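See below for the structure under consideration.
The values are calculated or read from the model by the stated rules, or taken from the named source; none is laboratory data. Owing to the predicted nature of the structure, the values given are computational and were not obtained by experimental measurement. Counting neighbours? That spans all protein chains shown, and the Cβs are built from the backbone with ideal geometry, glycine included. In case anyone asks, the SASA skips ligands and DNA or RNA and just uses the protein heavy atoms, side chains included. Shrake-Rupley method; radii C 1.70, N 1.55, O 1.52, S 1.80 Å.
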Amino acid sequence: MVRRTREEAMLTREQLLDAAEHVFRARGVGHASLAEVADAAGLTRGAVYWHFDSKAALFQAMVDRAEMPHDACLQKMEDSAEHDPLAALRDAAVESLLRVATDERTRRVYDVVFLRCEYTADLEAVRDQYLQSRRRCYEKIERTMRAAVARGQLPAHVDVACATRGLYAFIGG
(Lines give C-alpha, C1' and ligand atoms only; values in the text may rest on other atoms or scores of the structure.)
Protein backbone atom coordinates (compact mmCIF):
# COMPACT_ATOMS: atom_id res chain seq x y z
CA MET A 1 0.00 0.00 0.00
CA VAL A 2 1.37 3.38 -1.00
CA ARG A 3 1.34 6.14 1.60
CA ARG A 4 0.09 9.45 0.39
CA THR A 5 1.72 12.70 1.28
CA ARG A 6 -0.18 15.35 3.19
CA GLU A 7 -0.28 17.48 0.03
CA GLU A 8 -1.79 14.61 -1.97
CA ALA A 9 -4.35 13.99 0.76
CA MET A 10 -5.33 17.68 0.75
CA LEU A 11 -5.64 17.65 -3.03
CA THR A 12 -7.91 14.60 -2.80
CA ARG A 13 -10.03 16.37 -0.18
CA GLU A 14 -10.33 19.44 -2.42
CA GLN A 15 -11.36 17.22 -5.37
CA LEU A 16 -14.08 15.68 -3.22
CA LEU A 17 -15.34 19.07 -2.09
CA ASP A 18 -15.40 20.35 -5.68
CA ALA A 19 -17.31 17.26 -6.77
CA ALA A 20 -19.75 17.61 -3.85
CA GLU A 21 -20.58 21.17 -4.93
CA HIS A 22 -21.50 19.96 -8.41
CA VAL A 23 -23.28 16.75 -7.41
CA PHE A 24 -25.27 18.36 -4.58
CA ARG A 25 -26.22 21.24 -6.85
CA ALA A 26 -27.39 18.91 -9.62
CA ARG A 27 -29.11 16.23 -7.51
CA GLY A 28 -29.87 17.90 -4.21
CA VAL A 29 -28.13 16.87 -1.02
CA GLY A 30 -30.76 14.33 0.01
CA HIS A 31 -30.80 12.60 -3.38
CA ALA A 32 -27.04 12.51 -3.93
CA SER A 33 -24.93 9.63 -2.71
CA LEU A 34 -21.33 9.62 -1.58
CA ALA A 35 -20.66 7.13 -4.37
CA GLU A 36 -21.83 9.76 -6.88
CA VAL A 37 -19.52 12.32 -5.31
CA ALA A 38 -16.62 9.85 -5.51
CA ASP A 39 -17.40 9.09 -9.17
CA ALA A 40 -17.62 12.79 -10.03
CA ALA A 41 -14.22 13.33 -8.39
CA GLY A 42 -12.74 10.32 -10.20
CA LEU A 43 -12.04 8.67 -6.85
CA THR A 44 -13.28 5.74 -4.80
CA ARG A 45 -15.87 5.68 -2.03
CA GLY A 46 -13.00 4.76 0.26
CA ALA A 47 -11.40 8.11 -0.49
CA VAL A 48 -14.63 9.85 0.52
CA TYR A 49 -14.83 7.94 3.79
CA TRP A 50 -11.16 8.55 4.53
CA HIS A 51 -11.83 12.30 4.58
CA PHE A 52 -15.48 12.48 5.66
CA ASP A 53 -17.35 10.10 7.94
CA SER A 54 -20.77 11.03 6.53
CA LYS A 55 -22.61 13.04 3.93
CA ALA A 56 -23.34 15.61 6.64
CA ALA A 57 -19.60 16.00 7.33
CA LEU A 58 -18.92 16.43 3.60
CA PHE A 59 -21.74 18.96 3.29
CA GLN A 60 -20.49 20.94 6.31
CA ALA A 61 -16.90 20.98 4.98
CA MET A 62 -18.19 22.19 1.61
CA VAL A 63 -20.09 25.07 3.26
CA ASP A 64 -17.18 25.94 5.54
CA ARG A 65 -14.75 26.06 2.63
CA ALA A 66 -16.94 28.49 0.71
CA GLU A 67 -16.74 31.09 3.51
CA MET A 68 -20.24 32.35 3.03
CA PRO A 69 -19.97 36.11 2.48
CA HIS A 70 -22.65 37.19 4.89
CA ASP A 71 -20.59 35.92 7.84
CA ALA A 72 -17.64 38.21 7.14
CA CYS A 73 -19.89 41.05 5.99
CA LEU A 74 -21.97 40.92 9.13
CA GLN A 75 -18.92 40.99 11.37
CA LYS A 76 -17.62 44.07 9.53
CA MET A 77 -21.09 45.58 9.71
CA GLU A 78 -21.23 45.12 13.45
CA ASP A 79 -17.72 46.53 13.88
CA SER A 80 -18.51 49.72 11.93
CA ALA A 81 -22.16 50.14 12.97
CA GLU A 82 -21.31 52.25 16.01
CA HIS A 83 -20.09 55.12 13.84
CA ASP A 84 -22.46 54.88 10.88
CA PRO A 85 -25.08 52.13 11.13
CA LEU A 86 -26.83 52.89 7.85
CA ALA A 87 -23.55 52.83 5.89
CA ALA A 88 -22.66 49.58 7.66
CA LEU A 89 -25.95 48.01 6.53
CA ARG A 90 -25.46 49.26 2.97
CA ASP A 91 -21.85 48.08 2.79
CA ALA A 92 -22.75 44.63 4.12
CA ALA A 93 -25.55 44.26 1.56
CA VAL A 94 -23.38 45.40 -1.35
CA GLU A 95 -20.41 43.27 -0.33
CA SER A 96 -22.57 40.18 0.10
CA LEU A 97 -24.27 40.71 -3.26
CA LEU A 98 -20.96 41.27 -5.06
CA ARG A 99 -19.46 38.13 -3.54
CA VAL A 100 -22.36 35.99 -4.71
CA ALA A 101 -22.38 37.66 -8.12
CA THR A 102 -18.65 37.31 -8.79
CA ASP A 103 -17.51 34.14 -7.01
CA GLU A 104 -18.55 30.92 -8.73
CA ARG A 105 -17.89 28.70 -5.70
CA THR A 106 -19.98 30.94 -3.46
CA ARG A 107 -22.79 30.88 -6.01
CA ARG A 108 -22.72 27.06 -6.25
CA VAL A 109 -22.73 26.63 -2.48
CA TYR A 110 -25.51 29.20 -2.06
CA ASP A 111 -27.56 27.25 -4.58
CA VAL A 112 -26.97 24.03 -2.64
CA VAL A 113 -27.63 25.50 0.81
CA PHE A 114 -30.69 27.56 -0.09
CA LEU A 115 -32.25 25.63 -2.97
CA ARG A 116 -30.96 22.06 -3.07
CA CYS A 117 -30.67 20.91 0.55
CA GLU A 118 -33.38 18.85 2.15
CA TYR A 119 -32.57 18.90 5.86
CA THR A 120 -33.25 15.25 6.61
CA ALA A 121 -32.50 13.47 9.90
CA ASP A 122 -28.87 12.81 8.93
CA LEU A 123 -28.37 16.55 8.42
CA GLU A 124 -30.11 17.58 11.65
CA ALA A 125 -26.91 18.83 13.32
CA VAL A 126 -26.02 20.83 10.21
CA ARG A 127 -29.55 22.27 10.10
CA ASP A 128 -29.35 23.28 13.77
CA GLN A 129 -26.01 25.02 13.21
CA TYR A 130 -27.46 26.75 10.14
CA LEU A 131 -30.51 27.94 12.10
CA GLN A 132 -28.30 29.32 14.88
CA SER A 133 -26.21 31.15 12.31
CA ARG A 134 -29.36 32.59 10.72
CA ARG A 135 -30.62 33.74 14.12
CA ARG A 136 -27.31 35.51 14.89
CA CYS A 137 -27.37 37.13 11.45
CA TYR A 138 -30.92 38.37 11.94
CA GLU A 139 -30.09 39.75 15.40
CA LYS A 140 -27.03 41.64 14.08
CA ILE A 141 -29.05 43.23 11.30
CA GLU A 142 -31.83 44.17 13.70
CA ARG A 143 -29.39 45.77 16.20
CA THR A 144 -27.78 47.76 13.40
CA MET A 145 -31.18 48.79 12.02
CA ARG A 146 -32.25 49.98 15.49
CA ALA A 147 -28.98 51.93 15.81
CA ALA A 148 -29.71 53.64 12.47
CA VAL A 149 -33.15 54.69 13.78
CA ALA A 150 -31.63 55.87 17.09
CA ARG A 151 -29.10 58.02 15.21
CA GLY A 152 -31.82 59.53 13.04
CA GLN A 153 -30.48 57.91 9.87
CA LEU A 154 -33.84 56.21 9.41
CA PRO A 155 -37.21 57.72 10.37
CA ALA A 156 -38.47 56.84 13.86
CA HIS A 157 -41.66 55.35 12.39
CA VAL A 158 -39.76 52.69 10.41
CA ASP A 159 -41.03 49.20 11.18
CA VAL A 160 -37.64 47.81 12.24
CA ALA A 161 -38.87 44.21 12.34
CA CYS A 162 -40.18 44.41 8.77
CA ALA A 163 -37.11 46.24 7.48
CA THR A 164 -34.86 43.70 9.20
CA ARG A 165 -36.71 40.78 7.58
CA GLY A 166 -36.31 42.38 4.17
CA LEU A 167 -32.63 43.12 4.54
CA TYR A 168 -32.04 39.74 6.16
CA ALA A 169 -33.60 37.99 3.17
CA PHE A 170 -31.23 39.90 0.93
CA ILE A 171 -28.04 39.46 2.98
CA GLY A 172 -28.44 36.40 5.11
CA GLY A 173 -30.82 34.15 3.34
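Quick look at the numbers
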{"read-out": "Any hit, the range 68-86, residues being closer than 22 Å to Gly30 by Cβ, touching a residue at least 40 places away in the same chain (Cβ under 8 Å), assigned to a helix (DSSP H, G or I) and of a type outside the set (A, V, I, L, M)", "value": "no"}
{"read-out": "Flag for Tyr110 being under 30 Å from Ala161 (Cβ atoms), within 11 Å of the chain's Cα centre (by Cα) and open to solvent by 20 Å² or more (accessible area, probe 1.4 Å)", "value": "yes"}
{"read-out": "Single residue of Leu74, Leu123, Leu131, Leu115 found to be open to solvent by 80 Å² or more (accessible area, probe 1.4 Å) and either within 30 Å of Ser33 (Cα to Cα) or under 15 Å from the mean Cα position of the chain (by Cα) (or both)", "value": "Leu115"}
{"read-out": "Criterion (among the aliphatic types (A, V, I, L, M), surrounded by 13 or more Cβ atoms within 10 Å (Cβ to Cβ) and either without any contact (Cβ under 8 Å) to a residue 60 or more places away in the chain or not in a helix (DSSP H, G or I) (or both)) met by exactly one of Ala56, Ala92, Ala61", "value": "Ala61"}
{"read-out": "Condition check for Arg105: part of a helix (DSSP H, G or I), closer than 19 Å to Tyr130 by Cα, basic (Lys, Arg) and open to solvent by 70 Å² or more (accessible area, probe 1.4 Å)", "value": "yes"}
